[in-house]
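Bear in mind that the values in this text are calculations on the coordinates, not laboratory data. As the structure is a prediction and not an experimental result, all values here were calculated from the model. Cβ placement follows ideal geometry from the backbone for every residue including glycine, while neighbour counts extend to all protein chains displayed.
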Amino acid sequence: MIASRRQNLYDAGAMRLVQIKKAPALQPGAKIRLVAPASPFDKKLFDRGVDQLCRLGFEPLVERAEFARRGLFAGSDAQRAARVTAALMEADSQAVWAIRGGYGSARLLDHLNLDRIAKRAKLFIGFSDLTALLLPLSAPGGMVT
């Protein structure tokens with residue numbers, strides 16, 4: 001398990017200093033868990049991305065469940081939320097990287113224990129609609145995304 005490093009952050013809204021959890025920088029050989037928190041993705045583009053992560057010296061980890069398709073989403077809301085939670089809580093990876101964004105990211109908010117997840121010091125990487133998850137996780141007292 002990676003011990004978290006703390007850094008002060010000024011919370012202007014509450015006029016107080018708060019702690020954020022900062023994960024160590026990724027080093028060559030780091031394991032990155034790939035998750036699909038929203039929509040299904042193009043397999044060819046995914047393979048190119050995995051190849052690029054390998055060229056950068058990282059070890060991508062992906063479960064078969066990330067390839068699920070249920071309508072417009074990569075599985076049900078509950079299934080995707082469970083996979084995101086498991087990825088953020090596991091000790092085997094140093095980061096979690098969203099394979100793609102999409103409207104389905106915001107649908108996970110009601111299914112996640114954000115307080116529990118935010119206590120972990122793990123990088124959560126993504127953009128676009130994934131911001132719906134990144135913002136509450138990085139709120140003062142949370143983790144760096």
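In this structure the amide hydrogen of Ser138, modeled in the peptide plane, comes within under 5 Å of the amide hydrogens of Met143, none closer than 5 places in sequence on its chain.
In sequence order, the stretch 44-51 has phi-based couplings of 5, 5, 4, 4, 5, x, 4, 4 Hz under the Karplus curve 6.51 cos²θ - 1.76 cosθ + 1.60, θ = phi - 60°, and Gly or Pro positions carry x.
Kirkwood analysis of the stretch 54-95, using all unique Cα-Cα pairs, places the hydrodynamic radius at 11.7 Å. Among the lysines of the chain, pairs at least eight places apart or on separate chains and with Cα atoms under 25 Å apart come to 10.
Taking θ as phi - 60° and the Karplus parameters 6.51, -1.76 and 1.60, the scalar couplings of the stretch 97-113 work out to 10, 6, 5, 7, x, x, 3, x, 4, 5, 5, 7, 3, 6, 9, 10, 8 Hz in sequence order, x denoting glycine and proline. Spin-label model, Cys54/Ala78: points 7 Å from Cα along the beta carbon direction are separated by 3.6 nm. Taking amide H atoms as placed 1.01 Å from N in the peptide plane, the amide H of Ala36 lies under 5 Å from those of Ile99, each 5 or more residues away in sequence or on another chain. Around the amide H of Glu59, modelled in the peptide plane, lie the amide H atoms of Gly29, Ala30, Lys31, Ile32, all under 5 Å away and 5 or more residues distant in sequence or on another chain.
Within the chain, the percentage of alpha carbon pairs spaced more than 24 angstrom apart rounds to 31%. Computed 3J(HN,Hα) for the stretch 123-135, one whole-Hz value per residue from the Karplus formula 6.51 cos²θ - 1.76 cosθ + 1.60 where θ = phi - 60°, is 5, 10, 10, x, 7, 6, 5, 5, 4, 4, 8, 5, 4, glycine and proline marked x.
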